[in-house]
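Here's the structure we're looking at; comments come further down.
The values are calculated or read from the model by the stated rules, or taken from the named source; none is laboratory data. Just so it is clear, the model here is predicted, and its values are computed rather than measured. Cβ coordinates were reconstructed from backbone atoms using ideal geometry, including for glycine residues, and neighbour counts include every protein chain displayed.
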Amino acid sequence: MNKWNSNFKLGDTITVEQKEFFDKNGVIVFRNFLTPKKVSLYLNELHRLEHVWLAEGRDKINGVPLKFGKDEQHNKTIQRLCFTSLYSDALHNLLGDERLKALIALLGPYEGRIAENEKDGLVINNYINIPNSTFTQMGWHTDSPRDLFLGQKIMPMLNVGIHLDTCLFENGGLRVLPGTHKQNILQLLFGKKYFVDYSDDPREVGFDIFAGDLTVHDGRTWHRVKQSPLVGEASRRRVMYVPIITGKFKPKHEKSKTPFYHRFTSAVHH
């Protein structure tokens, strides 16, 4: 396993160097996207939404299931929240950031957009390594087969992670196989066992991620979330995921059906 360093900063446009790096590797890290003040603001919004949705007894938003777990005091928590920006002015305003729009250029010739009310919207994942947690890691996968589940061809997309906690390389976190966004369809579908393979790969790379950093990976890139060796609060890792997608506009609404792939992944996301 290799650790890569990054000194890229995200401005209102993508530089030639940044584009070339991403085109080659299918992943890039931008430092200090959020100020500490903004990190605190979004963490407060996460806590507020979790409190409200638990009180309301919600189990899905726009057809997409919420993922629940328990904290160290055995209280029920939400470990995966979706469409969060539709319920938060602060998160909605974040998606209007010109720097996020600049990332669309990484899709090359494709017309991309920030999917606020499509797919699963702005997702917030809350990983913690405790005995009651249902969300401590995530096995190898790409983000592309959900297109196949929906009966459409695989379309280019970017998965943008905005990190609200510091997670150093040795403490687990995002791992990717650089360059696999250029693989053929068989490698994309069968290169690894989706979600159930947690094993280390000699080709994988990770990063020291600090609160406020932003990561981007191509949806076709193999990646996973490695379990933290730390336990309890020290292992907590909260990440907001902004999908930048292409293809036909398909907004979700309160009466949207639960996509098939969510019924599948709920069984394998441990």
Go through Thr136, Thr84 for me and flag whichever is under 26 Å from Val29 (Cβ atoms), at pLDDT below 95 and buried (at least 20 other Cβ atoms within 10 Å of the Cβ).
Thr136
Among Phe22, Phe33, which is within 22 Å of Phe207 (Cα to Cα), part of a loop (DSSP other than H, G, I, E, B) and either at pLDDT below 95 or within 19 Å of the chain's Cα centre (by Cα) (or both)?
Phe33
Within region 247-270, restricting attention to residues that are of a type in the set (A, V, I, L, M, F, W, C) and surrounded by 12 or more Cβ atoms within 10 Å (Cβ to Cβ), which residue is modelled with the lowest pLDDT?
Val268
For region 87-104, what are the residues that are of a type in the set (A, V, I, L, M) and either out of contact with any helix residue (DSSP H, G or I) (no Cβ under 7 Å at 6 or more places or on another chain) or crowded, with 18+ Cβ neighbours inside 10 Å (or both)?
Leu91, Leu94, Leu100, Ala102, Leu103, Ile104
Could you list all residues from region 62-78 that are outside any strand (DSSP E or B) and either of a type outside the set (A, V, I, L, M) or at pLDDT below 95 (or both)?
Asn62, Gly63, Asp71, Glu72, Gln73, His74, Asn75
Within the set of pairs 6+ apart or on separate chains, which have a first residue in region 167-178 that is among the polar types (S, T, N, Q), a second that is outside any helix (DSSP H, G or I), and C-beta atoms under 7 Å apart?
Asn171/Ser228; Asn171/Pro229; Asn171/Leu230
Could you list, in sequence order, the residues of region 170-191 that are at pLDDT 95 or above and either of a type in the set (Ser, Thr, Tyr) or touching a Phe, Trp or Tyr at 6+ places or on another chain (Cβ under 8 Å) (or both)?
Val176, Leu177, Thr180
When every residue in region 79-100 that is more than 17 Å from His47 (Cβ to Cβ), outside any loop (DSSP other than H, G, I, E, B) and touching a residue at least 40 places away in the same chain (Cβ under 8 Å) is compared, the one farthest from the chain's Cα centre (by Cα) is Glu98
Could you count how many residues in region 49-81 are surrounded by 13 or more Cβ atoms within 10 Å (Cβ to Cβ), under 30 Å from Asp97 (Cα atoms) and not aromatic (Phe, Trp, Tyr)?
17
If you go through Leu10, Leu46, the only one that is buried (at least 18 other Cβ atoms within 10 Å of the Cβ), more than 27 Å from Trp222 (Cβ to Cβ), touching a residue at least 40 places away in the same chain (Cβ under 8 Å) and not β-branched (Val, Ile, Thr) is Leu46
Hits in region 120-133 (condition: within 17 Å of the chain's Cα centre (by Cα) and either surrounded by fewer than 22 Cβ atoms within 10 Å (Cβ to Cβ) or polar (S, T, N, Q) (or both)):
Val123, Asn125, Asn126
Just one of Phe195, Phe207 is modelled with pLDDT of 95 or more, of a type in the set (Phe, Trp, Tyr) and within 17 Å of the chain's Cα centre (by Cα); which is it?
Phe207
Those residues of region 223-258 which are in a strand (DSSP E or B) and either free of Cβ contacts under 8 Å to residues at least 40 places away in the same chain or not charged (D, E, K, R) (or both), in sequence order
His223, Val225, Val239, Met240, Tyr241, Val242, Pro243, Ile244, Ile245
